[in-house]
Amino acid sequence: MSETQDLMEKIVSLCKRRGFVFQGSEIYGGLSGIYDYGPLGVELRNNIKQYFWQKFITERDDVYGMSAAILMPRKVWDASGHTGEAGLNDPLVECKICHERVRADQPEAIAEHEKKHEGKKVEWTEPVKFNLLVETKLGSSEKSQIDVNLRGEITQGVHVNFKNVLDSMHPELPFGIGQIGKAFRNEITPRDFLFRQREFEQMELQYYIKPEEEEGKKWFEYWKRFAWDWYFGLGFKKENLRFRQHAEDERAHYAKDAWDIEYNTPFAGWKEAWGIHHRADWDLRRHSEYSGVDLSYYDEEKKDRLIPWDIECSGGVDRAVLFVMLEAYTEDELGGETRTYLKFSPKLAPVKIAVFPLLKNKPELVEKAQSIYKELKKEFGAVEFDDNGNIGKRYRRQDEIGTPWCVTVDFETIEKDAGVTLRDRDTGEQKRMSVQEVKDFVKSQLSN
């Protein structure tokens, strides 16, 4: 087994064992490309989403938040270009031996499939286009049913609400609309755990500007840098992220320019983590044409109507979870013992503090520890109480889920009113502090 395969297997195992991520509907055999988040995984995921919302929306006065519906009429996707030749289509080939289908543009998927037929010569059909949109119908009878799709991207929900936001909030250009939400694609070969799924979540900003070249260049560069700084804020090393511009022949049908922030994955090298796209007036213009509703903006200065250009920042929540897990996974030696820990940035850690009584069989220690646990939980929310096993095992359990700090209540806490010990996850160092000092320290670290 290669080192990279070994790392991915360790991550997948840890995710299931410690309650981060489970296979979707596992007791019924599971669904390929579908995953459920457990108690710790949902906290990590929410922390990433909260960080996006804080930086892209809450802290700004030129961005509005919204949440669009998942089901959208087929006509939305006709307008956006996703049902056409250039839309959400993957080239699909079929194995003539077992009739399994894989993507023709994924050599690793083809090689993996051919390994299953070792000794046989695999022949493939000619590639055909396969549309990834998930189709369904709405309505109680055949006559009233309409064709709808589970959205293939969350972007269109913002564009079709452009006029609603204009009429209700009266913003002036430039301004943005941000949202987080689920999207669905009928992927031919979902793979690499959370990297390529059939049901996934996106974080996006659509930033509308005047349709002028200089404005376009200025804001495109601005949001490239903003997204870059945000992604680094998740705790990545510099050498593991890079920018890559899309070649002209690989850009999406709507893109005037496109750049990716890529992460150096252990399973497939550099892969897309975040996209910054210059969508120009593609979406608003097309939805105006297809819906018959005027989606223009009235420029008070020029006394004229215009179709704004759009600069998009878009990233997958699930990919961010996977990349953060990969980046945080660490094996080292502490106190003469090998340990595994997740070196999460404190703001992302699912559990911020764990509180222990030194001994489980001393009621006075347990009572005091419970009291401190409740006090810290009221302050920080994500706090655990643990009195199971010896103190060393408790530390290892918390290290493995990425808890930055452990608080231990011992006899000095009670007999000498000497505070508690605060232990650091990364170094193993312990300091004695009052409970108030613990609160102040943790607050300062979380806001750093």
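Suppose we filter the stretch 214-257 for residues that are in a strand (DSSP E or B) and under 20 Å from the mean Cα position of the chain (by Cα); how many remain? Show your work before the answer.
Applying the first criterion (in a strand (DSSP E or B)) to the stretch 214-257 yields 241-245, 257.
Keeping just the survivors that are under 20 Å from the mean Cα position of the chain (by Cα) gives 241-244.
Qualifying residue count for the region: 4.
Which condition breaks for Ser144 when tested against (1) assigned to a loop (DSSP other than H, G, I, E, B); (2) closer than 18 Å to Leu132 by Cβ; (3) not charged (D, E, K, R)?
The failed condition is (2).
Among the residues of the stretch 326-378, count how many are hydroxyl-bearing (Ser, Thr, Tyr) and under 22 Å from Gly419 (Cα atoms).
Looking only at the stretch 326-378, we keep the residues that are hydroxyl-bearing (Ser, Thr, Tyr), and these are 329-330, 338, 340-341, 345, 371, 373.
Applying the additional criterion that residues be under 22 Å from Gly419 (Cα atoms) yields 371, 373.
Of the residues in that region, 2 qualify.
Strands (runs of 3 or more DSSP E) wholly in the stretch 300-393 with at least 3 residues that are touching a residue at least 40 places away in the same chain (Cβ under 8 Å) - which ones?
On the way: elements: 304-306, 309-316, 329-334, 337-342, 353-357, 383-385.
Qualifying strands (runs of 3 or more DSSP E): 309-316, 337-342, 353-357.
Residues in the stretch 8-18 that are in contact (Cβ under 8 Å) with a residue 60 or more places away in the chain and either part of a helix (DSSP H, G or I) or surrounded by fewer than 18 Cβ atoms within 10 Å (Cβ to Cβ) (or both): how many? Don't jump to the end; show me each part of the working.
Pass one, the stretch 8-18, residues in contact (Cβ under 8 Å) with a residue 60 or more places away in the chain: 8, 10-12, 14-15, 18.
Subsequent filtering for residues that are either part of a helix (DSSP H, G or I) or surrounded by fewer than 18 Cβ atoms within 10 Å (Cβ to Cβ) (or both) retains 8, 10-12, 14-15.
The total comes to 6.
Check whether at least one residue in the stretch 81-89 is touching a Leu at 6+ places or on another chain (Cβ under 9 Å), part of a strand (DSSP E or B) and not hydroxyl-bearing (Ser, Thr, Tyr), and report yes or no.
yes
Cβ contacts < 6 Å: first residue closer than 14 Å to Arg279 by Cα and assigned by TED's automatic domain parsing to the domain that holds Ala320, restricted to the stretch 236-262; second residue modelled with pLDDT of 90 or more and among the aromatic types (Phe, Trp, Tyr), any location; separation 6+ or different chain. Result?
From the stretch 236-262, the pairs are Tyr254/Trp282; Trp259/Phe243.
For the stretch 27-39, indicate whether the set of residues that are in contact with a Ser or Thr (Cβ under 6 Å, 6 or more places away or on another chain), outside the structural domain of Phe267 (by TED's automatic domain parsing) and at pLDDT below 95 is non-empty. Spell out how you get there, then give the answer.
Restricting attention to the stretch 27-39, the residues satisfying the condition of being in contact with a Ser or Thr (Cβ under 6 Å, 6 or more places away or on another chain) are 31.
Checking which are outside the structural domain of Phe267 (by TED's automatic domain parsing) leaves us with 31.
Okay, now just the ones that are also at pLDDT below 95, so 31.
Yes, because at least one residue in the stretch 27-39 is in contact with a Ser or Thr (Cβ under 6 Å, 6 or more places away or on another chain), outside the structural domain of Phe267 (by TED's automatic domain parsing) and at pLDDT below 95.
Could you go through the stretch 395-404 and let me know if any residue there is at pLDDT below 95 and surrounded by 23 or more Cβ atoms within 10 Å (Cβ to Cβ).
Scanning the stretch 395-404, I find no residue that is at pLDDT below 95 and surrounded by 23 or more Cβ atoms within 10 Å (Cβ to Cβ), so the answer is no.
Go through Asp90, Asp167, Asp147, Asp105 for me and flag whichever is within 24 Å of Pro211 (Cβ to Cβ) and of a type in the set (Asp, Glu). It would help to see each step written out before you state the result.
Values: Asp90 fails: within 24 Å of Pro211 (Cβ to Cβ); Asp147 fails: within 24 Å of Pro211 (Cβ to Cβ); Asp105 fails: within 24 Å of Pro211 (Cβ to Cβ).
One residue alone meets the criteria, Asp167.
Answer yes or no: is there a residue in the stretch 211-228 that is buried (at least 16 other Cβ atoms within 10 Å of the Cβ) and in contact with a helix residue (DSSP H, G or I) (Cβ under 7 Å, 6 or more places away or on another chain).
no
Just one of (1) of a type in the set (Gly, Ala, Ser); (2) more than 20 Å from the chain's Cα centre (by Cα); (3) within 23 Å of Ile57 (Cα to Cα) trips up Gly275, so point out which.
(2)
Return the residues of the stretch 1-56 that are under 30 Å from Phe226 (Cα atoms) and charged (D, E, K, R); say none if nothing qualifies.
Passing the criteria: Glu43, Arg45, Lys49, Lys55.
Does any residue of the stretch 203-213 turn out to be in a helix (DSSP H, G or I) and at pLDDT 95 or above? Break it down into steps so the answer makes sense when it comes.
Filtering the stretch 203-213 for residues in a helix (DSSP H, G or I) gives 213.
Next, only the ones that are at pLDDT 95 or above stay: 213.
Within the stretch 203-213, one or more residues are in a helix (DSSP H, G or I) and at pLDDT 95 or above.
Which ones in the stretch 1-36 are aromatic (Phe, Trp, Tyr) and farther than 17 Å from Leu234 by Cβ?
Filtering the stretch 1-36 for residues aromatic (Phe, Trp, Tyr) gives 20, 22, 28, 35.
Within the stretch 1-36, Phe22, Tyr28, Tyr35 qualify.
Go through the stretch 25-62 and count every residue that is hydrophobic (A, V, I, L, M, F, W, C) and in a loop (DSSP other than H, G, I, E, B). Let's see the steps before the verdict.
Kept after step one, since they are hydrophobic (A, V, I, L, M, F, W, C), are these residues of the stretch 25-62: 27, 31, 34, 40, 42, 44, 48, 52-53, 56-57.
From what is left, the residues that are in a loop (DSSP other than H, G, I, E, B) are 31, 34.
Result for the stretch 25-62: 2.
Any residue that is touching a Lys or Arg at 6+ places or on another chain (Cβ under 6 Å), surrounded by fewer than 21 Cβ atoms within 10 Å (Cβ to Cβ) and either modelled with pLDDT of 95 or more or outside the structural domain of Leu44 (by TED's automatic domain parsing) (or both) - is there at least one of those in the stretch 364-377?
Initial filter on the stretch 364-377 (touching a Lys or Arg at 6+ places or on another chain (Cβ under 6 Å)): none.
For the stretch 364-377, residues touching a Lys or Arg at 6+ places or on another chain (Cβ under 6 Å), surrounded by fewer than 21 Cβ atoms within 10 Å (Cβ to Cβ) and either modelled with pLDDT of 95 or more or outside the structural domain of Leu44 (by TED's automatic domain parsing) (or both): absent.
The values are calculated or read from the model by the stated rules, or taken from the named source; none is laboratory data. As the structure is a prediction and not an experimental result, all values here were calculated from the model. Counting neighbours? That spans all protein chains shown, and the Cβs are built from the backbone with ideal geometry, glycine included.
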